[in-house]
Amino acid sequence: MTTPPAPFSSEQPPAPEQPAAPAKKGGALLKKVGGVVVAIVVAVGVKLGLPHLTGDAPVHAKAGECVTVSGSENDPKVDTTDCASGKADLFKVIKVIDNTFDVNKCGEDASALAQQLGSDKFVLCLEEVPAK
């Protein structure tokens, strides 16, 4: 003969909690892949967009515009400016030669500055504007 189970009383401890269902493996994989995709997007955005946001991107000036050149010879900073500004290191762009880094194409009478903006490469042929 079996004994009947004891009646349920409020003094009995509550039933043990059921363990949580294990996390789906697909969800963890999705999080990892999503994290990698986000990291790649951020890296590409920084590489392509940061120079434009900080003003460090090369300037693709047109012939007739004036630019100032500052910084080192290996990393010049070029900014367009008003030709009448009288700033130091002010140059007028006399010619732009696209699809090359050959600074010799400007000739002996002009200064030249090779630049790259994205996939565009070009040389600015410059003539110094006398300071006022």
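Readers should treat all values here as calculations from the given coordinates under stated rules, not as data from a laboratory. Note that the structure is predicted; figures quoted are calculated from it, not measured. Positions of Cβ are generated from backbone atoms using ideal geometry, with glycine treated the same way; all protein chains shown enter the neighbour counts.
Around the amide H of Glu65, modelled in the peptide plane, lie the amide H atoms of Val93, all under 5 Å away and 5 or more residues distant in sequence or on another chain. You can think of it this way: the chain between Asn99 and Ala63 has 11.4 nm of extra reach, that is 0.36 nm per residue less the Cα-Cα gap. Rounded, prolate or oblate for segment 85-132? Axes are the square roots of the Cα gyration tensor eigenvalues, ordered a ≥ b ≥ c, and the cut-off for rounded is a/c under 1.5. Oblate shape, in that a/c is at least 1.5 and b/c is the bigger or equal ratio. Using the average count of surrounding beta-carbon atoms within 10 Å as a protection proxy, the listed peptides 116-124, 103-111 rank, highest first, as 116-124, 103-111.
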